[in-house]
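The values are calculated or read from the model by the stated rules, or taken from the named source; none is laboratory data. Source: prediction; values computed, not measured. Neighbour counts are summed over all protein chains in view; Cβ atoms, including those assigned to glycine, are modelled from backbone coordinates with ideal geometry.
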Amino acid sequence: MKDNFAKILADAEKWDNRELGASEEHVGVVCEKTATQTDDQLGLQAISIRLPKVLIKDLKDIAARYEVGYQPMVRDLLTRFVQAEQKKYLLDQLSKIKNAEEGTESTPPVDEFIKNLKKQA
């Protein structure tokens, strides 16, 4: 049993350092249906975008330094940017609400709505 576990660990290390699985004989193309199902399950959609070649090279260089793929890194970068921009927008809207409510009467439904917005921010 120990020998089997040691082999599994050794094989896992070979996969990690690309001694196994990195050759063309290990590459296969999935059918369109499987690719679509995978994208749907992961909530992904392929897009086409034109970027400067220098930018793509720089992104690939940065990703290589961190030993990650550049496309997942760009996906993470865009996700973080969108989250920051959405938060900035919501905080701006909250600020406008606060400024507007300073000169108006409050009502319970509006107070509850604002309270919920503040919790989300």
| Which numbered condition ASP58 fails, given (1) closer than 30 Å to GLN120 by Cβ; (2) assigned by TED's automatic domain parsing to the domain that holds GLN120; (3) surrounded by 10 or more Cβ atoms within 10 Å (Cβ to Cβ); (4) among the acidic types (Asp, Glu) | (1)
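Within the range 58-101, take every residue that is of a type outside the set (Ser, Thr, Tyr) and not in a helix (DSSP H, G or I) and give me the one that is farthest from ASN116 (Cα to Cα). Give the derivation first.
As a first pass, look at the range 58-101 and keep what is of a type outside the set (Ser, Thr, Tyr): 58-65, 67-69, 71-78, 80-88, 90-94, 96-101.
Checking which are not in a helix (DSSP H, G or I) leaves us with 67-69.
Details: GLU67: 41, VAL68: 38, GLY69: 39 Å.
The extreme case among them is GLU67.
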| Within the range 20-38, is there a residue that is surrounded by 10 or more Cβ atoms within 10 Å (Cβ to Cβ) and charged (D, E, K, R)? | no
| task | Taking only the range 12-57 into account, find how many residues are of a type in the set (D, E, K, R) and either in contact (Cβ under 8 Å) with a residue 24 or more places away in the chain or not in a helix (DSSP H, G or I) (or both). | result | 3
| Are any of the residues in the range 35-42 within 25 Å of the chain's Cα centre (by Cα), of a type in the set (Asp, Glu) and more than 22 Å from VAL68 (Cα to Cα)? | yes
| field | Single residue of GLU102, GLU32, GLU85, GLU112 found to be more than 17 Å from the chain's Cα centre (by Cα) and modelled with pLDDT of 90 or more | value | GLU32
